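Laboratory data are not the source of any read-out in this text; all were calculated from the coordinates shown. Being a predicted model, the structure only gives us computed values, none of them experimental. Counting neighbours? That spans all protein chains shown, and the Cβs are built from the backbone with ideal geometry, glycine included.
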């Protein structure tokens with residue numbers, strides 16, 4: 001039994017409230033997994049941003065033509081290859097810089113979210129919930145515009161993440177309330 005208010009604060013952090021399992025209070029494996037996936041995605045976006053910056057002072061059309069035709073062995077006469085190369089010719093260095101800046105901002109966002117989730121910070125749960133939910137309308141629009149199985153998987157994964165985070169945030173709020181009520185009743 002705690003003998004001082006400080007002991008009560010310490011014990012309330014280390015001992016689960018009545019009716020809750022130890023795992024529920026001290027860690028959520030799914031939350032950490034989401035955080036690790038966000039960190040991996042953030043590092044991949046950093047690589048993509050660096051790659052975009054490296055293309056700034058190169059012949060973009062020649063670089064893509066080499067990769068598409070020589071490395072990936074696509075037919076150089078195909079309509080798709082010509083379409084990609086024609087679109088690449090329209091990209092100016094200023095647009096490529098803006099694109100890389102956007103990629104780096106998105107990477108930073110993923111790294112902040114992932115770090116917070118891995119460290120099990122409550123603010124990270126709210127940030128991830130808000131940002132993931134904010135992108136859902138765009139993902140639904142893209143799914144309707146260009147239907148593909150990959151997009152279905154992406155939308156489904158993000159919907160599941162949003163639903164899980166909603167459930168988790170609400171469950172943790174209920175737990176905090178229960179602990180607060182339990183602590184007040186002991187005083």
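What does the extension gain come out to for residue 176 and residue 90, with contour length at 0.36 nm per residue minus their alpha carbon separation? Please report the intermediate quantities before stating the final value.
Values: separation 86, 0.36 × 86 = 30.96 nm, distance 5.49 nm.
Length gained between residue 176 and residue 90: 25.5 nm.
Once you have the Cα-Cα distance between residue 32 and residue 157, take 0.36 nm times their residue separation minus that, and quote the gain in nm to one decimal. Please report the intermediate quantities before stating the final value.
On the way: separation 125, 0.36 × 125 = 45.00 nm, distance 1.57 nm.
Extra length available between residue 32 and residue 157 comes to 43.4 nm.
Can you tell me the FRET efficiency between residue 58 and residue 131 if r is taken as the Cβ-Cβ distance and R0 is 41 Å, rounded to the nearest 0.05?
Working: r = 33 Å, r/R0 = 0.81.
Result of the calculation: an efficiency of 0.80.
Please compute, over every Cα-Cα pair in the chain, the percentage with a separation greater than 30 angstrom. Could the numbers behind the result be given before it?
Numbers: 7532 of 17391 pairs.
Counting pairs separated by more than 30 Å, the tail of P(r) holds 43 percent.
Just to be sure I understand the model, the point goes 7 Å from the Cα along the line to the Cβ. What's the resulting residue 169 to residue 82 distance in nm?
My value for the distance between the label points is 5.0 nm.
Before anything else, pin down the relative contact order of the range 59-187: Cα pairs under 8 Å, at least 6 apart, normalised by residue count, whole percent. Provide the component values of the computation, followed by the final result.
Details: 48 pairs, mean separation 19.0, N = 129.
Reported as a whole number, the value is 15 percent.
Show that you can apply the helix-only estimate: for the chain, add -39,500 (n - 2.57) for every DSSP H stretch of four or more residues, divide by all residues, and state [θ] at 222 nm to the nearest 500. Show your work: numbers first, answer last.
On the way: 8 runs with 146 residues, N = 187.
One gets -26500 deg cm²/dmol as the mean residue ellipticity at 222 nm.
Determine the gain in length on full extension of the stretch residue 47-residue 70; use 0.36 nm per residue of separation and subtract their C-alpha separation, reporting nm with one decimal.
6.0 nm
With a bin width of 10 angstrom, please list the P(r) values of the range 83-187 as percents of all Cα-Cα pairs, from the 0 bin to the one holding the largest distance.
Pair shares across the bins are 12, 27, 30, 17, 8, 4, 2, 0.
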